[in-house]
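First up is the structure itself, then whatever we jot down about it.
The values are calculated or read from the model by the stated rules, or taken from the named source; none is laboratory data. Only a predicted model underlies this, so the values are computations on that prediction, with no experimental measurement involved. In this analysis, Cβ positions are derived from the backbone assuming ideal geometry, glycine residues included, and neighbour counts consider all displayed protein chains. SASA here: full protein model, heavy atoms, side chains in, ligands and nucleic acids out. Shrake-Rupley method; radii C 1.70, N 1.55, O 1.52, S 1.80 Å.
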Amino acid sequence: MQTTGVLEELQWRGLVSQHTEGVPALLAGGPTSAYIGFDPTGSSLHVGSLVQIMILVHLQRHGHRPVALVGGGTGMIGDPSGKVSERQLLTSEQVAIHAAGIRAQLERFLSFEGPAAARMRDNAAWLGELQLIDFLRDTGKHFSVNYMLQKESVRSRMDAGISFTEFSYMLLQAYDFLELRRRDGVSLQLGGSDQWGNITAGIELIRRADGAEAHGLTVPLVTTSAGTKFGKTEAGAVWLDPERTSPYAFYQFWLATEDHDVGRYLRFFTLLSHAEIESLEVQVREAPEKRAAQAALARDVTRRVHGEAALEAAEQVSTFFFGGLDPRELTDEAFGILRAEAPYTEVEGTALASDSDAARFDAFKLLTVSGLAASNGAAKRLLEQGGVSVNKRKIGAAERLVDRADAMLRGGHIVVGKGKRDFAVLKVR
């Protein structure tokens, strides 16, 4: 496998913020082991972590060995980088649960077989065994307080205050780099641009402790063209865990990318070729209304994170909400996503039945029970305006009563609609 050219690839994609002087020669000189750390403050990574993950993916595709370090030890301390206040400390049990969830997500991106097989490491394996006196004597002696105070992660917290616990984080991350070099031959550390101070501290420790050379490379912190933090929405962070962000919501997040951002995101987050990306960038300029680049971005990232079946389900639900797809055509997985995305209510059949005909449902009751209408009067107005549908079939004022057999979908579900975009799902018991 060709190991040369990866730095040029990363630079073309805008994935390099800065690197130490020896990185070009290191990556061109043969297979290199490189690591990046993931903080287990939660059981799932979010889309902001995808930049770091894609760096590892590109390195592996060029024959280098990626090492993904889960901070089971440092996660119990907390990195002060980019934080304005002390974070809440986690228990060892919480960290272990979070680390297991992150590991499972990383395994979707990296191959753990072959000559460039990825490795997973948890720094709790060595940090948990450290003796304080030994650590201060063997590691702490290599760093002056003045050196540590010069680092942005520490300096930015001096006015608000920083505990000794977080002040020591830099030494622990430096020690990680030293341990990974000794255990796995890691000579390159990767991280976000806010990690530069911690990375260079590790390089310095390796030089002083082992007399060896090590290197660092950082990636940009991603923001939108409006300058806002990437991966944040009105509903909160966009997670890789489908239980926290559904494949549909994940797909829609990428589909909603602004024209000004989509070219960068195609380079950052996909493995599409240079020619494919440049062609899509041309389409953004010449036919932005088609949103071809956004669709390509959403499909590629959703497939990589959630798999082909989840992508198909997300596209089906999107077509249901924004197109003409009949809910009967939804796959079981897609219907499950629809239930999660639309307001969902379980109800007894008798609560929906017409007072005059138990075999038929009253549209007024369908609308009020589902929450799409606040009252029978509001339901009546919706029917008269032609804005009501049952399983995507429009009904009018003359069709207030709906045959129960016709209304029921798989497992006793009914999809009630108001207008073109507002739907609710009822489960009839």
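Accessible surface area normalised per residue over the chain is 46 Å², counting heavy atoms of protein chains with a 1.4 Å rolling probe.
The mean sequence separation of alpha-carbon pairs under 8 Å and at least six residues apart, normalised by the residue count of the chain, gives a relative contact order of 13 percent. The calculated 222 nm mean residue ellipticity attributable to helices in the chain amounts to -12500 deg cm²/dmol, summing -39500 (n - 2.57) over DSSP H runs of n ≥ 4 and dividing by all residues. When the chain is treated as a Gaussian network with alpha carbon springs shorter than 10 Å, the biggest mean-square fluctuation among ALA298, ALA124, ALA256 belongs to ALA256. Proximity of backbone amide H atoms, modeled 1.01 Å from N, is registered between LEU325 and PHE320 at under 5 Å, excluding neighbours fewer than 5 places apart on the same chain.
Give the calculated FRET efficiency between ALA378 and ALA235 to the nearest 0.05, with a Förster radius of 25 Å applied to their Cβ-Cβ distance. Spell out each step's value before the answer.
Numbers: r = 27 Å, r/R0 = 1.08.
Once the sixth-power term is evaluated, E becomes 0.40.
Quantify how much of the Cα-Cα distance distribution of the chain extends past 30 Å, in percent. Summing the P(r) of the chain above 30 Å gives 53 percent of all pairs. Cross-link list LYS290/LYS420; LYS229/LYS394; LYS290/LYS394; LYS290/LYS427: which exceed 32 angstrom alpha carbon to alpha carbon? The pairs that break the limit, which is 32 Å between Cα atoms, are LYS229/LYS394; LYS290/LYS427. Report the calculated FRET efficiency for ARG410 and GLU9 (r = Cβ-Cβ distance, R0 = 51 Å), to the nearest 0.05. According to the calculation, E is roughly 0.65. The residues packed around PRO288, meaning those with a beta-carbon under 15 Å from its beta-carbon, carry a net charge of -3 if Lys and Arg are +1 and Asp and Glu are -1. Summary of the geometry: the range 101-160 and the range 369-415, compared by the centres of their Cα atoms, lie 58 Å apart.
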